[in-house]
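Report on one structure; see the data block that follows.
The values are calculated or read from the model by the stated rules, or taken from the named source; none is laboratory data. The structure displayed is predicted, hence computed values, not measured ones. Cβ coordinates were reconstructed from backbone atoms using ideal geometry, including for glycine residues, and neighbour counts include every protein chain displayed.
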Amino acid sequence: MSDPIHWQLALPYLLAALVFGYLLGSIPFGLLLTRAAGLGDVRTIGSGNIGATNVLRTGSRKLAALTLALDALKGAAAVLVAAYWGPETALAAGLGAFLGHLFPVWIGFKGGKGVATYLGVLIATAWQGALVFAVVWLAVATLTRYSSLAALTAAVAVPLALWLMGLIHPAGLFLLMSLIVIAKHRANIQRLLSGTESRIGAKG
């Protein structure tokens with residue numbers, strides 16, 4: 001789509017995909033699941049976010065796993081549905097889903113840190129990058145038991161891996177998303193440096 005006329009024609013579809021992805025990504029599964037299970041508001045414990053790592057601090061591994069799966073699924077679903085109109089709309093929808101999880105309209109724009117949705121978008125966009133993410137995340141998490149450090153390391157590795165694979169447009173998207181992931185983990189980075197970061201499995 002290097003032709004400006006093509007971009008003008010595609011713009012409504014890109015915006016529609018972005019909005020569609022955003023609304024789908026805004027569904028706060030972690031909050032809905034913990035409330036449905038009678039565990040209260042997950043935002044009042046641990047890090048205060050609605051993601052799977054914080055849901056795990058309720059003591060329910062099943063709910064944490066389900067939250068992880070659903071948060072990833074909404075990212076993947078946004079990409080796969082929008083892909084019907086082309087690869088550019090798929091990328092726009094993936095970005096929208098990621099932003100929706102971070103800033104969900106339904107709960108005052110205060111969501112999670114986006115790692116599971118990032119992974120879902122990655123699986124649907126470039127499965128090779130998802131393998132890189134999984135290997136790096138598992139290695140770092142196993143060695144350190146810090147979910148945040150594992151996510152940050154994987155987020156740094158993914159855009160570089162995609163670029164080396166020749167997947168230029170996905171690499172650009174995930175470079176942007178990785179920078180946002182890192183920014184959303186500012187407090188975690190400070191706690192990692194001070195040695196006060198919670199480890200995987202620790203209750204809030």
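Would you be able to say whether some residue in the stretch 137-148 is over 15 Å from Gly114 (Cα atoms), among the aromatic types (Phe, Trp, Tyr) and either at pLDDT below 95 or in contact with a strand residue (DSSP E or B) (Cβ under 8 Å, 6 or more places away or on another chain) (or both)?
Checked against the condition, which is being over 15 Å from Gly114 (Cα atoms), among the aromatic types (Phe, Trp, Tyr) and either at pLDDT below 95 or in contact with a strand residue (DSSP E or B) (Cβ under 8 Å, 6 or more places away or on another chain) (or both), the stretch 137-148 yields at least one hit.
What number of residues in the stretch 90-127 are surrounded by fewer than 24 Cβ atoms within 10 Å (Cβ to Cβ), at pLDDT 95 or above and of a type in the set (Val, Ile, Thr)?
Here the count works out to 1.
So, in the stretch 89-115, of the ones that are of a type in the set (Gly, Ala, Ser) and not in a helix (DSSP H, G or I), which residue ends up nearest to the chain's Cα centre (by Cα)?
Looking at residues that are of a type in the set (Gly, Ala, Ser) and not in a helix (DSSP H, G or I), I get Gly114.
So in the stretch 24-48, with the set limited to residues that are within 18 Å of the chain's Cα centre (by Cα) and modelled with pLDDT under 85, which one is farthest from Ser147 (Cα to Cα)?
Gly48
What number of residues within the stretch 173-188 are at pLDDT 95 or above and either farther than 17 Å from Gly112 by Cα or of a type outside the set (Ser, Thr, Tyr) (or both)?
Count: 10.
Can you tell me which residue in the stretch 7-23 is modelled with the highest pLDDT, limited to those that are farther than 23 Å from Lys110 by Cα and touching a helix residue (DSSP H, G or I) at 6+ places or on another chain (Cβ under 6 Å)?
Restricting to residues being farther than 23 Å from Lys110 by Cα and touching a helix residue (DSSP H, G or I) at 6+ places or on another chain (Cβ under 6 Å), the top hit is Leu14.
For the stretch 35-88, enumerate the residues that are polar (S, T, N, Q) and assigned to a helix (DSSP H, G or I).
Thr44, Thr53, Asn54, Thr67
Among the residues in the stretch 10-22, are any surrounded by 24 or more Cβ atoms within 10 Å (Cβ to Cβ) and touching a residue at least 60 places away in the same chain (Cβ under 8 Å)?
yes
All but one of (1) closer than 24 Å to Ala187 by Cβ; (2) out of contact with any helix residue (DSSP H, G or I) (no Cβ under 6 Å at 6 or more places or on another chain); (3) of a type outside the set (A, V, I, L, M) hold for Lys62; which doesn't?
Among (1) closer than 24 Å to Ala187 by Cβ; (2) out of contact with any helix residue (DSSP H, G or I) (no Cβ under 6 Å at 6 or more places or on another chain); (3) of a type outside the set (A, V, I, L, M), the lone unmet condition for Lys62 is (1).
Taking the residues in the stretch 129-164 that are buried (at least 21 other Cβ atoms within 10 Å of the Cβ) and aromatic (Phe, Trp, Tyr) as candidates, determine which candidate is farthest from Leu175 (Cα to Cα).
Trp137
Residues that are under 14 Å from the mean Cα position of the chain (by Cα) and not hydroxyl-bearing (Ser, Thr, Tyr): does the stretch 192-203 have at least one?
The answer is no, given that none of the residues of the stretch 192-203 is under 14 Å from the mean Cα position of the chain (by Cα) and not hydroxyl-bearing (Ser, Thr, Tyr).
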